[in-house]
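The block underneath contains the structure these notes are about, expressed in structure tokens.
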Amino acid sequence: MLRACIALFAVAVAGCASVDGDTLRPGTSTQRDVTALMGAPSVEVKRPDGDTWLYYPHHPWGRITYVAALDPKGVLRGVEQRLTYDNIHSIRDGMRIEDVELLLGPPRKIGYMPRKPWKIAEFPWWFANREMRVLFVYYTADDGVVRRVDEMHDYTDQPENSRN
């Protein structure tokens, strides 16, 4: 029984350690290493420069999205968290939703606005690893152009009085 508990704990810890790919080595690790450690990506994007980006969002409850960047030969360039303050605050009206998703990864969900031809992409994130925030990107459904950006405290997941 003790051995079974230890084995179960080891598997759980190993699963948690692989979320951010911290044991992968840029310049040495391959796409096979990335997927063996982090699992199948949610989205795989082939870039015009030949690189491949593998997206690992941790939705619906997580507030992080990692992207593993691979060179044209499939060797890891690096792994980074995309839902950061700088990336969130670089989203502007007039951008294309494809560019937003390339920068941030896939949204947690996409909603619709009644009486407007808009969709709403929702990206939850952490501010300073303490405050739950959410970014709403409103874009027109027919052309995918961002029309409005709202970023605020996530009162749904973290009531205001629990922030302190």
- Item | Two-site label geometry, Arg130 and Val43: point separation in nm, points 7 Å out along Cα→Cβ | 3.1
- Per residue accessible area of the chain, 1.4 Å probe, in Å²: 61
- Which of the peptides 50-59, 94-103, 107-116 is most tightly packed, and how do the rest follow, judged by the mean count of other Cβ atoms within 10 Å per residue? 50-59, 94-103, 107-116
- Item | Size descriptor, Kirkwood hydrodynamic radius, that averages inverse alpha-carbon separations across region 82-164, Å | 13.2
- Within region 86-107, whose backbone N sits under 17 Å from a point 7 Å along Cα→Cβ of Val145? 92-100
- Check Met95: other-chain or 5+ apart residues with amide H under 5 Å from its amide H, H built from backbone geometry? Val146
- Item | Percent of Cα pairs exceeding the 22 Å cut-off, where the set is the chain | 52
- Query: Taking the Cα-to-Cβ direction at Gln81 and at Leu103 and moving 7 Å from each Cα, how far apart do the two end points lie in nm?
  - Reply: 1.9
- Note on the structure: Heavy-atom accessible area of the chain with neighbours in place, 1.4 angstrom probe: carbon+sulfur share in percent works out to 55
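The values are calculated or read from the model by the stated rules, or taken from the named source; none is laboratory data. Nothing here was measured: the structure is a model prediction, and the numbers come from that model. Note that each Cβ is placed from the backbone with ideal geometry, even for glycine, and that neighbours are counted across all protein chains shown. Just so you know, the surface numbers come from the protein's heavy atoms only, side chains and all, with ligands and any DNA or RNA stripped out. Shrake-Rupley method; radii C 1.70, N 1.55, O 1.52, S 1.80 Å.
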